[in-house]
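Undergrad: Let me give you the structure first, and then I'll get to my questions.
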Amino acid sequence: MLLKVPSKLPNVGMQADWIEASCLFGHDVTVTRSEVNVALESSTDYQEDEINSIIEDAFGEISRRGNILKEHPMKVDRNKIGRLASWEDTPAYSFMLLLATNHFYTRTRITNENRGTPAKLFEGLATAALNKYLPAAINIGWPRKGMPESLKECLELFSAISNEMMRGHPEIADYAKDEDVNIIAWSPIDSRSGQVMLLVQCTIEKDWRKSASKIDFETWRNIMNFATPPRKALAFPQVGGLSQWKYQSSKSGILFDRLRLAYLFPAASTTCLKRKILDWSLSQRSNLRWFN
């Protein structure tokens with residue numbers, strides 16, 4: 001059973017996501033090459049000579065993902081893709097796949113009006129994952145939950161727990177939200193400053209590359225007196241493409257895509273966060289459109 005072919009699948013990443021979503025959220029546990037061929041032939045967007053290339057490239061991309069993420073919920077055989085785990089048993093991967101494909105159909109599209117919940121859930125997921133990568137991580141993204149509302153007070157709290165100093169009396173506007181940093185992650189050594197530090201931007205935008213240069217280090221140098229310069233990082237629910245990985249890493253810092261976040265997301269993560277992720281995913285799954 002396949003999802004309806006979206007009107008636009010401009011690259012191999014989106015083509016692979018369409019097939020992955022069909023396999024992970026469909027009733028059938030397998031998706032065959034012939035089924036994909038029939039679905040693409042029904043679409044007016046693809047010529048006959050394109051279809052074989054799309055199938056070959058998409059199956060190859062899904063195989064590449066499985067080689068990177070050993071716990072990938074699908075396995076590619078020669079002529080089919082088989083589901084190894086249900087979407088409920090792989091909540092982090094499934095949630096991010098739904099985020100990455102939200103623009104496929106009108107009913108699943110995340111608009112400015114309904115963006116708040118999935119965006120904050122993604123920040124929570126990324127914070128839990130980064131907390132496994134580095135020993136400490138806090139979510140300071142706006143709007144904040146469980147943290148001071150003002151950015152100044154929020155960073156004063158961060159300073160107290162990280163031993164990194166604020167710069168004198170920094171001028172932080174009352175309307176400042178998070179200065180494009182959603183998560184701060186670090187690796188404490190002792191009670192002194194000077195440690196590995198990541199400033200992380202999270203995005204659920206269709207084109208995650210647009211967030212590549214949002215973090216302004218000059219702004220943060222005027223606020224925080226880090227003992228050693230922090231590194232920047234970017235978290236996003238898509239899978240970073242092979243051809244531009246090194247280039248995007250040079251622009252965005254350390255990349256945390258769907259594969260890395262799913263790998264890092266702790267199996268013993270808070271039941272509350274998992275429950276909210278599963279609830280949102282169930283609602284989003286009900287709006288998917290299927291090919292007849």
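Undergrad: Please list, in chain and number order, the residues 5+ apart from Phe256 or on another chain whose amide H is under 5 Å from its amide H, with Hs placed from the backbone.
TA: Here Leu234, Ala235, Phe236 satisfy the definition.
Undergrad: While we're on this one: How are the C-alpha pair distances of the stretch 84-184 spread across 10 Å bins, as whole percents from the shortest bin up?
TA: Reading the bins upward from 0: 13, 36, 30, 16, 5, 0.
Undergrad: Kindly provide the trypsin sites (Lys or Arg not before Pro) of the stretch 7-101 that DSSP labels as loop, not H, G, I, E or B, and whose Cβ sees at most 12 other Cβ atoms within 10 Å.
TA: Here the sparse-neighbourhood loop sites are Lys8, Lys70, Arg78.
Undergrad: For q = 0.13, 0.14, 0.15 Å⁻¹, what log10 I(q)/I(0) does the chain give under the Debye formula with an equal point scatterer on each alpha carbon and no solvent?
TA: -0.90, -1.01, -1.13
Undergrad: Right, next: In whole Hz, what ³J(HN,Hα) sequence does the stretch 93-107 give by Karplus (6.51, -1.76, 1.60; θ = phi - 60°), x for Gly and Pro?
TA: 4, 5, 4, 5, 5, 5, 4, 5, 10, 4, 7, 5, 9, 4, 6
Undergrad: Another question about this same structure. Once phi is turned into ³J(HN,Hα) by the Karplus curve 6.51 cos²θ - 1.76 cosθ + 1.60 with θ = phi - 60°, what whole-Hz value does each residue of the stretch 54-64 show in order, with x for glycine and proline?
TA: Couplings: 4, 5, 4, 5, 5, 4, x, 5, 5, 5, 4 Hz.
Undergrad: Next up: At q = 0.13, 0.15, 0.19 Å⁻¹, what is the log10 ratio I(q)/I(0) for the stretch 1-88, with the Debye formula run over Cα points and no solvent?
TA: -0.37, -0.49, -0.79
Undergrad: If you look at just the Cα atoms of the stretch 200-259, how large are its Rg and its Dmax in Å?
TA: Gyration radius and largest Cα-Cα distance of the stretch 200-259: 12.4, 37 Å.
Undergrad: A follow-up question, please. Please list the non-local residues whose amide H lies under 5 Å from the amide H of Asn225, H modeled 1.01 Å from N, same-chain partners needing a gap of 5 or more.
TA: For Asn225, whose amide H was placed from the backbone, the distant partners under 5 Å are Met165, Met166, Arg167.
Undergrad: What nm value, rounded to one decimal, do you get for the distance between Asp207 and Asn112 when each label is placed 7 Å out toward the C-beta?
TA: 1.8
Undergrad: Once you have the alpha carbon radius of gyration of the stretch 116-268, what is it after dividing by 2.2 N^0.38 Å, with N set to its residue count?
TA: For the stretch 116-268, the normalised Cα radius of gyration comes out at 1.00.
Undergrad: Now, a different point. When the chain is modelled as a GNM with alpha-carbon springs shorter than 10 Å, which of Glu61, Glu20, Glu149 fluctuates the most?
TA: Judging by the Gaussian network model, the answer is Glu149.
Undergrad: Helix 151-162: angle to the longest alpha-carbon principal axis of the chain, degrees 0 to 90, nearest 10?
TA: Helix 151-162 sits roughly 80 degrees off the main axis of the chain.
Undergrad: Can you work out the Karplus-derived ³J(HN,Hα) for every residue in the stretch 165-175? Use 6.51 cos²θ - 1.76 cosθ + 1.60 with θ = phi - 60°, whole Hz, and x for glycine or proline.
TA: Each residue's phi maps through the Karplus curve to give 8, 6, 8, x, 10, x, 8, 10, 4, 4, 8 Hz.
Undergrad: Which pairs break 22 Å Cα to Cα here: Lys70/Lys132; Lys132/Lys276; Lys4/Lys120; Lys210/Lys251; Lys232/Lys274; Lys177/Lys246?
TA: Details: Lys70/Lys132 17 Å; Lys132/Lys276 20 Å; Lys4/Lys120 28 Å; Lys210/Lys251 11 Å; Lys232/Lys274 27 Å; Lys177/Lys246 30 Å.
Check vs 22 Å cut-off fails for Lys4/Lys120; Lys232/Lys274; Lys177/Lys246.
The numbers here are math on the coordinates, done by the rules we state, and not lab data. From a predicted model like this one, the values you see are computed outputs, not experimental measurements. We place every Cβ from the backbone using ideal geometry, glycine too, and count neighbours over all the protein chains shown.
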